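This report concerns only the one structure given below.
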Amino acid sequence: MNAKTNLLGAIARYNSKKNRSDSDKVEILSAIEELEDTNPNPRPMEKKELLDGDWQLLYTSSKSLLGLNNIPLVEIENIYQSIHTSTKKIYNIVEIKGLPLLDSVMVVIASLKVESEKKAGVKFERTIVTLKNWLKYLSPQDIITQVSNKKNIFPLDIKINRALENMTNANGWLEITYLDHDLRISRGNQGNIFVLSKI
């Protein structure tokens, strides 16, 4: 079994469990490190043709993302990240299942600045939360087009300005430790790990 198959298998087992143990996390982290050692693109920020596009989150250690599932009456369906190197933008998209007719989508928009061959600075600029029905949401690319063409989105559209930067984690960085044609592993400035599959 190769390192990539091993990691995907470990994530599938982890995601299928309701009660997850520390040993499950250790298995995934070990598989991630094994795959990172075989990275076919050691200068990932130069591989725009691989980076660009829509990615679906398979696994993360981020407590802030995992905590979204603890909000009453809501359930996270899917989390996507869309990278547009031509416009230097990253779109994080969270599909939220709620009460009937109240399914929502959250979009967090950030600017991207290449800092090294592996690392990019990330500056969060805008957060949008709206009902899927309101925007007639179809897909990540569909909502990116809509939020790019509209100044404000009902009901919640927050622009993160300089006054907020000192009080929030508006700035960070992302280091890409593995990249191929359909899988990406990234590590963030808060120590979080993200494993994503291209869609």
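The values are calculated or read from the model by the stated rules, or taken from the named source; none is laboratory data. Computed from a predicted structure; not experimentally measured. We place every Cβ from the backbone using ideal geometry, glycine too, and count neighbours over all the protein chains shown. With ligands, DNA and RNA removed, areas are computed over all heavy atoms of the protein, side chains included. Shrake-Rupley method; radii C 1.70, N 1.55, O 1.52, S 1.80 Å.
Tell me the label-point distance for the pair LYS113, GLU75, using the 7 Å Cα-to-Cβ offset, in nm and rounded to one decimal.
The two pseudo-label positions are separated by 4.1 nm.
For SER139, what charge total do you get from the other residues with a beta carbon under 15 Å from its beta carbon, if Lys and Arg give +1 and Asp and Glu give -1?
Local net charge: -2.
Filter LYS97/LYS118; LYS63/LYS118; LYS4/LYS118; LYS17/LYS113 down to the pairs with a C-alpha to C-alpha distance above 29 Å, please.
Pairs exceeding 29 Å: LYS97/LYS118; LYS17/LYS113.
If I model a spin label at GLN190 and LYS63 as a point 7 Å from the Cα along the Cα→Cβ vector, what separation in nanometres do I get?
With each label placed 7 Å out from Cα toward Cβ, I get 0.9 nm.
Each residue of segment 47-56 in turn: what ³J(HN,Hα) in whole Hz from Karplus with 6.51, -1.76, 1.60 and θ = phi - 60°, glycine and Pro shown as x?
Whole-Hz 3J(HN,Hα) from phi for segment 47-56: 9, 4, 5, 8, 5, 4, x, 9, 10, 9.
For a Förster distance of 22 Å, can you work out the FRET efficiency between the beta-carbons of SER197 and GLU175, rounded to the nearest 0.05?
Once rounded, the FRET efficiency stands at 0.75.
Multiply the residue separation of LYS18 and GLU46 by 0.36 nm, subtract the distance between their alpha-carbon atoms, and state the gained length in nm to one decimal.
Full extension of this stretch gives 6.2 nm more.
Beyond 23 Å, what percent of the Cα pairs of segment 1-146 remain?
Every Cα pair in segment 1-146 considered, those over 23 Å come to 47 percent.
Which sequence of LEU8, LEU174, LEU35, LEU101 reflects their accessible areas, 1.4 Å probe, from the largest down?
Heavy-atom accessible area, descending, gives LEU101, LEU8, LEU174, LEU35.
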